[in-house]
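The values are calculated or read from the model by the stated rules, or taken from the named source; none is laboratory data. Values in this document were obtained by computation on a predicted structure and should not be read as measured data. Note that each Cβ is placed from the backbone with ideal geometry, even for glycine, and that neighbours are counted across all protein chains shown.
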Amino acid sequence: MPRFFVSADKITGDTITITGSDAHHISWVLRMKTGEYITICDMRAYEYDCVLEKVDATVFARIVGSRKIDTEPPYRARLFQALPKGDKLDVIIQKAVECGVYDITPFESERCIVRSNLETKPQKTERRRRIAYEAAKQCGRGIIPDVRHTLEFGAMLHEAAGCGLMLFCYEGDGTLPLGRIIATKRINPGAIPDIAVIIGPEGGFSKAEAQAARAAGATMTGLGKRILRTETAAAFVLGCLSYEFELKGPGLSPCE
């Protein structure tokens, strides 16, 4: 069944209004007809089975069933990704959404090939948000993870420092294995932790950047014996978090 997202203000009683590109997709790409069914998510942990009542430039759908969404992780993983070259960020966004990321913030680091002065066009951010939207639809997410504007390294550290656990993925000395870090962290029952996952560019982080991250309170973590590509690392870490806190069942929680 086709799946779409709407904001809660588009739901009035048992009627949902769909506009913009999604209405166009329903009407002229999928060529759906009155009486056919779609699934709509309100981005607030509920989804609705709906029957189409009017299909045009604006689509109206009637709710025939609802349920709470259970596809969101019990933690919020915030990805801070150094700008990679080419179209790698598109793939990183897609796979991170599939792996349960909460939001994604690109940033510029010392060894980035792409520079943030080339990232100022709002069309870039909007296109990346569209990639996140399509990935969220495809994998049944309950929210659309936001793709934020590109930050400089210092601003990124300041933002990430607000998380309950700040994982700085680093291939240099002085790191702890990711599994050990996760297994020794706990939170109070009912708390919703934020986990910052900081991934470097193709050339990795410089020693100065690693020192700055330590000073900001980051936990330096290694990702195993093999060197991962930047487009692999985020999905790897997010997958480890998902395994520990979703697939293994009840147990430890990720943050203090």
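Looking across region 203-219 at every residue that is in contact with a Leu (Cβ under 7 Å, 6 or more places away or on another chain) and closer than 25 Å to G239 by Cβ, the one that is surrounded by the most Cβ atoms within 10 Å (Cβ to Cβ) is identified as A213. When you look at D42, is it of a type in the set (D, E, K, R), modelled with pLDDT under 95 and surrounded by 15 or more Cβ atoms within 10 Å (Cβ to Cβ), yes or no? Here the answer is yes, as D42 does meet what is asked. Assess whether A23 counts as being in contact with a Leu (Cβ under 8 Å, 6 or more places away or on another chain), modelled with pLDDT of 95 or more, buried (at least 18 other Cβ atoms within 10 Å of the Cβ) and not basic (K, R). Spelling it out, it is not the case that A23 is in contact with a Leu (Cβ under 8 Å, 6 or more places away or on another chain), modelled with pLDDT of 95 or more, buried (at least 18 other Cβ atoms within 10 Å of the Cβ) and not basic (K, R).
The residue that is modelled with the highest pLDDT, counting only those in region 193-212 that are in a loop (DSSP other than H, G, I, E, B) and in contact with a Phe, Trp or Tyr (Cβ under 7 Å, 6 or more places away or on another chain), is F205. Is it fair to say V64 is over 12 Å from the mean Cα position of the chain (by Cα), β-branched (V, I, T), modelled with pLDDT of 95 or more and not in a loop (DSSP other than H, G, I, E, B)? It is true that V64 is over 12 Å from the mean Cα position of the chain (by Cα), β-branched (V, I, T), modelled with pLDDT of 95 or more and not in a loop (DSSP other than H, G, I, E, B). With respect to the conditions (1) touching a Ser or Thr at 6+ places or on another chain (Cβ under 9 Å); (2) among the small types (G, A, S); (3) farther than 28 Å from L165 by Cβ, S66 falls short on a single one, namely (1).
Output the residues belonging to region 18-57 that are within 26 Å of the chain's Cα centre (by Cα) and farther than 22 Å from I131 by Cβ. R44, A45, Y46, Y48, D49 - these are the residues of region 18-57 that are within 26 Å of the chain's Cα centre (by Cα) and farther than 22 Å from I131 by Cβ. For region 55-65, the criterion of being loosely packed, with under 15 Cβ neighbours inside 10 Å, more than 22 Å from I143 (Cα to Cα) and touching a residue at least 40 places away in the same chain (Cβ under 8 Å) is satisfied by at least one residue. Which one of these is assigned to a strand (DSSP E or B) and under 15 Å from the mean Cα position of the chain (by Cα): Q81, Q94? One residue alone meets the criteria, Q81.
I104 meets the conditions (1) at pLDDT below 95; (2) in a strand (DSSP E or B) in every case but one. The failed one is (1).
Residue by residue through region 14-48, note down the ones that are under 20 Å from C139 (Cβ atoms) and of a type in the set (K, R). Result: R44, single match.
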